[in-house]
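Here's the structure we're looking at; comments come further down.
The values are calculated or read from the model by the stated rules, or taken from the named source; none is laboratory data. Owing to the predicted nature of the structure, the values given are computational and were not obtained by experimental measurement. Note that each Cβ is placed from the backbone with ideal geometry, even for glycine, and that neighbours are counted across all protein chains shown. When the accessible area is computed, the model is the full protein with side chains, heavy atoms only, and any ligands, DNA or RNA have been set aside. Shrake-Rupley method; radii C 1.70, N 1.55, O 1.52, S 1.80 Å.
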Amino acid sequence: MPHIDLPQGLPGISSGFAFRPETAKPMRELAHILLHEPNSLTAGERELIATYVSSQNDCYFCQTSHGAAAACHLGDAGIVKQVKIDFTQAPVSEKLKRLLVIAGKVQQGGKHVTAQDVEDARQQGATDLEIHDTVLIAATFCMYNRYVDGLATWQPQEESMYAQMGQHLASEGYRTPSVRLSAAD
């Protein structure tokens, strides 16, 4: 049960966005730029960063919806699961592993990131833009996760709903809401 009177039938962050559309617009735009627009990191890699941070924050809605988007981009839900369990053993590039170290440290607190973490990522080919965007994705998802969980939004457990949402996010991005889903769907 949400802590405030949020619109019914909208899962997770969607209900907060519908409650306050004027704050939703810049939040959607930021997610779109970070996760969907062209970048030297693939959309799948960026979704994995968002998924990993959300799993570390124990935000079911965000880790599941962004994990579904990552799986759509990567064509493999197993990689998503492995990243959440132990990214050091996941079949992802060494560069992404070093960026996930940075993301995990941002999730704990920005001051946990060290110059050595950044150097390790650079040694694996990470650019300043990729390091910047990793930090910003991690910081942004800490905010999104706390927004979703702090309002106690409805977070359905139906995997098929998240698969549909992941397909929408992977193909359309974040500027437009996905299809309205209700408890009956």
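Brief remarks on what is shown
- Separation in nanometres of the label points that stand 7 Å from Cα toward Cβ, at ALA115 and GLU94: 2.3
- Charge tally around ILE85: other residues with Cβ under 15 Å, Lys/Arg +1 each, Asp/Glu -1 each, net 0.
- Efficiency of FRET between GLU29 and GLU159 - r from beta-carbon atoms, R0 35 angstrom, step 0.05: 0.80
- Table column - 3J(HN,Hα) (Hz), the stretch 30-35, Karplus curve with 6.51, -1.76, 1.60, x for Gly and Pro: 4, 4, 4, 4, 6, 10
- Residue by residue, the stretch 11-21 carries 3J(HN,Hα) couplings of x, x, 5, 4, 6, x, 4, 5, 5, 9, x Hz when phi is fed to the Karplus relation 6.51 cos²θ - 1.76 cosθ + 1.60 (θ = phi - 60°); x denotes Gly or Pro.
- Euclidean distance of C-alpha centroids, the stretch 1-57 and the stretch 102-165, integer Å: 12
- Relative contact order [Cα under 8 Å, 6+ residues apart], the chain, whole percent: 36
- Note, ³J(HN,Hα) from phi for the stretch 148-156, Karplus 6.51, -1.76, 1.60, rounded to Hz, x at Gly and Pro: 4, 7, x, 8, 6, 5, 5, 10, x
- Extension gain, THR42 back to ILE4 (0.36 nm per residue minus Cα-Cα distance, nm): 10.0 nm
- Summed residue charge, Cβ within 14 Å of ARG46's Cβ, Lys/Arg positive, Asp/Glu negative: -4
- Under 29 Å of direct C-alpha separation, and excluding same-chain neighbours fewer than eight residues apart, LYS97 reaches these lysines: LYS81, LYS84, LYS105, LYS111.
- Accessible area (Å², 1.4 Å probe, nearest 10) - GLU45: 40
- Cysteines in the chain that, by Cβ-Cβ distance, have no pairing candidate under 4.7 Å: CYS72, CYS142
- Summing Cβ point charges (Lys, Arg +1; Asp, Glu -1) relative to the Cα centre of the chain gives a dipole of roughly 220 debye.
- Computed Kirkwood radius, in angstrom, where 1/r is averaged over Cα pairs of the stretch 12-152: 15.0
- A Gaussian network model of the chain, with springs between Cα atoms under 10 Å, assigns the largest mean-square fluctuation among ILE33, ILE13, ILE49 to ILE33.
- Full extension of the segment from MET143 to ARG20, taken as 0.36 nm per residue of separation minus the current Cα-Cα distance, would add 42.7 nm.
- On Cα atoms only, tilt of 43-56 relative to the major axis of the chain in degrees: 80
- Cβ-defined net charge surrounding VAL101, 12 Å radius [Lys, Arg +1; Asp, Glu -1]: 0
- Most positive-pole-ward Cα, SER65, ALA115, VAL83, against dipole of the chain from beta carbon charges: ALA115
- Here the simple spin-label model places points 7 Å from the Cα toward Cβ, and for ASP128 and ALA77 these points are separated by 4.1 nm.
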